[in-house]
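Data first, discussion second: the structure below is written as structure tokens.
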Amino acid sequence: MLLRILALLFLSTAGQPLTAELVGGSEIQEYSENCTPRHVHTALGNDPSTSVTVSFSSSFHPKCRRYTAAVFVGKHASNLDSLVFGNSEPRQYNRTFIQWKHKAAVGEEEYKSDLIHHIKLTGLLPNTKYFFRCALLQKEVSIPTDMNKADMASGFQHDRFDSVSRLLRKTATFPQGPSSVLFFDEALSSFKTGPVPGSGLGSIKFVIIGDIGQTDIAESTAQIIADESDIDSIFLAGDIAYADAKHHLWDSWFDKMKDLLRTSTLHTAPGNHDIQVEARSRQIFAAYNNRFAMPSSRDAVIEPSPRESAGSSCKNLFYPLVSEYGNFYYAFTYGAARAIFLNSFAASSPGSSQYNWLVNELNSIDRQVTPWVFVTFHCPFYNTYKQHQDEEPSRKMMKYLEPLFVEHRVNMIFNGHTHAYMRTKNVAFGEVNKIGPQYVILGDSGQRSHPTFVSDVPEKWVEARDGETHGYGTVAILNKTHAQWEWIHTGPSAEGNFVDKSLIVNQFFS
């Protein structure tokens, strides 16, 4: 039975649904799309060279709960020769949100999420492109005795891929027949594993975006990025869907970003629009915590907000929020680069969990192995615009963490929050200094704002700034000492004259 099902999958072409015929002439029953996997996206695992987490959603409808999540994966689009089952129960959350208008409560909204699946693939080959298809299978699938479900859940080791695939095809059985076995997502997806630590010089390229949302500009930005062929991973500096009190907008965001998310891993930092204080319980970050699965070494620790919030402005939020570990701050090595993601809304003072974690993280980096260090978080330290000046999260975080960034010669800091673009010179404690990082604001990936400058004359630490256009950034590691930065114009005025392209010198070695 499984051989027949797999044959269909392997023969289907990328972007096309499975055809209706099985070997022997029987038909696959047509189902309502409410069980079809959607919102497919990926993140690198704790070892990006050998592991990736595949995430997707399926309907919470009772009949969909009869199925278990799985991923068919392989190195060739026409031969997805391995099957990996989910290794944990799907996540699901319900929320009641107050509708606000002019800081006054005008109603409530109830929301119930899909089932959200996170499946870890391990034992992958480094620096390799994989293709995959998400599926729901009958829970009663019979797995061979020498390949139990725990083994499947942990992923296949590559030296066993072919033998496991052949074994499953010969021995796995589906008690209700193939016509009621599978739901597949609508298209083939792919990801690329990272190079082994210390390698990849001259071939690593990251895309950085912030405050993207789901405007027409955001969709244009996403499509232009999706059309790039040499992207290793995407860093998103917070304010993801701009759902605020309308949780169904998370669903529409994933729908609109599906072409982008099908072809590259995504790594996120939390933004203020991602907090979303729940009306009754005051729980926070429900969508952000449940929908993503970043490569963290510890589960998230989250406590309710001490007070309700009228909207998502940083001036209305209680600070700091207990939102530690998990998707909130984490790090991974991608070849010659160490990528660190932080939480602007958790405590960052000495002795706090985030501060202690960051100190240990920075102390552990061997710059001979990973010469480049990039840090991503939402609220900027250096800001040439009037928008978002003197906010407590930025002020406190800068006080405590800038000394660490300077001491450890962090190369670049990526932020969002302000809906504009800015890149600083190497700066430390407000002064141009070659030992300090360069700070980049990329809150212009999808939101309309056009903020005004604090002064018509740029601050001495500003290298480039523009508040009228939209785009995204790329950083390509050329070698141990140099990287190429480029800001790429998108949106309705893509013929604009503003450009920012610069050779970045690694100050750790200068």
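The values are calculated or read from the model by the stated rules, or taken from the named source; none is laboratory data. It should be emphasised that the depicted structure is a prediction, and the values quoted were computed from it without experimental measurement. Virtual Cβ from ideal backbone geometry, glycine too; neighbours counted across all protein chains shown. Side chains are part of the model used for accessible areas, which takes the heavy atoms of the whole protein and leaves out ligands, DNA and RNA. Shrake-Rupley method; radii C 1.70, N 1.55, O 1.52, S 1.80 Å.
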Legend entry - Radius ratio Rg over Rh of the range 274-371, counting only Cα atoms, Kirkwood formula for Rh: 1.03
Inset, instruction - Keeping every protein chain in place, order E468, E219, E228 by accessible area at 1.4 Å, biggest value first, i.e. largest first. - result: E468, E219, E228
Inset, instruction - May I have the convex hull volume per residue, in Å³, for the Cα set of the range 322-480? - result: 116
Inset, instruction - Determine the sum of side-chain charges near I302: Lys and Arg each +1, Asp and Glu each -1, restricted to other residues whose C-beta is under 15 angstrom from that of I302. - result: 0
Inset, instruction - Distance check, please: which entries in K75/K256; K75/K480; K120/K258; K63/K256; K129/K205; K460/K480 exceed 23 angstrom between their Cα atoms? - result: K75/K256; K75/K480; K63/K256; K460/K480
Inset, instruction - Please provide three numbers in whole Å: the alpha-carbon extents of the range 37-134 along the principal axes, with the largest listed first. - result: 54, 32, 23
Inset, instruction - State whether the range 221-274 is rounded, prolate or oblate according to the following rule on the C-alpha gyration tensor (a ≥ b ≥ c being the square roots of its eigenvalues): a/c under 1.5 gives rounded; otherwise a/b larger than b/c gives prolate, and the remaining case gives oblate. - result: oblate
Inset, instruction - When a/c is below 1.5 the answer is rounded, else prolate if a/b is larger than b/c, else oblate, so apply that to the range 342-419 with a ≥ b ≥ c taken from the square roots of the Cα gyration tensor eigenvalues. - result: oblate
Inset, instruction - Please report, in Å, the Rg and the Dmax of the range 418-510, where both are computed over Cα atoms only. - result: 13.9, 41
Inset, instruction - Tell me the Kirkwood hydrodynamic radius of the range 426-479 in angstroms, computed as one over the mean inverse distance between distinct C-alpha pairs. - result: 13.2
